[in-house]
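Just so you know, all these numbers are worked out from the coordinates, no wet-lab data involved. This one's a predicted model, so the numbers in the text were calculated from it and none came from an experiment. We place every Cβ from the backbone using ideal geometry, glycine too, and count neighbours over all the protein chains shown.
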Amino acid sequence: MNNDAAADGNERVEQGKSDKKSRVNFDVPAHVNESLLDLVERLGTTKSDLLRRAIALMEVVVQERAKGNQLVIADKDLNVLTRIVGIV
């Protein structure tokens with residue numbers, strides 16, 4: 001990651017880290033966009049924030065899978081209800 005100061009001043013500093021913003025455009029099937037809009041509404045957020053959260057979650061999943069750990073859904077007593085496979 002490049003941490004140089006942005007020449008145009010379009011830099012934000014968060015938690016001691018410098019990140020330049022990048023615009024990303026991509027096409028998705030209609031059903032994926034519908035899911036995205038539904039989640040945005042349910043979570044009261046934006047598409048950008050939702051995608052940032054999803055990427056952060058995937059980073060954790062990839063790191064943990066590299067350690068041999070699994071992604072699971074557990075109840076409040078930590079009983080495993082479902083093992084999530086096929087994401088990574």
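The table below lists the values:
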item: Where a label projected 7 Å from the Cα of Val32 along Cα→Cβ would reach, residues of segment 61-87 with amide N under 16 Å; result: 87
item: Positive minus negative residues near Ile84 (Lys, Arg vs Asp, Glu; Cβ under 13 Å); result: +1
item: Amide H partners (placed H, <5 Å) of Leu71, local residues excluded; result: Ile84
item: For Leu36, Leu57, order by how many other beta-carbon atoms lie within 10 Å, fewest first; result: Leu57, Leu36
item: Estimated vicinal HN-Hα couplings, Hz - segment 79-88 in sequence order (Karplus 6.51, -1.76, 1.60; Gly, Pro = x); result: 7, 5, 9, 8, 9, 8, 10, x, 7, 10
item: All-pairs alpha carbon distance profile, segment 26-84, 5 Å steps from 0, percent; result: 4, 15, 16, 18, 20, 18, 8, 1, 0
item: Straight-distance crosslink candidates among lysines, where the alpha carbon sits under 29 Å from Lys21 and sequence neighbours closer than 8 are dropped; result: Lys47
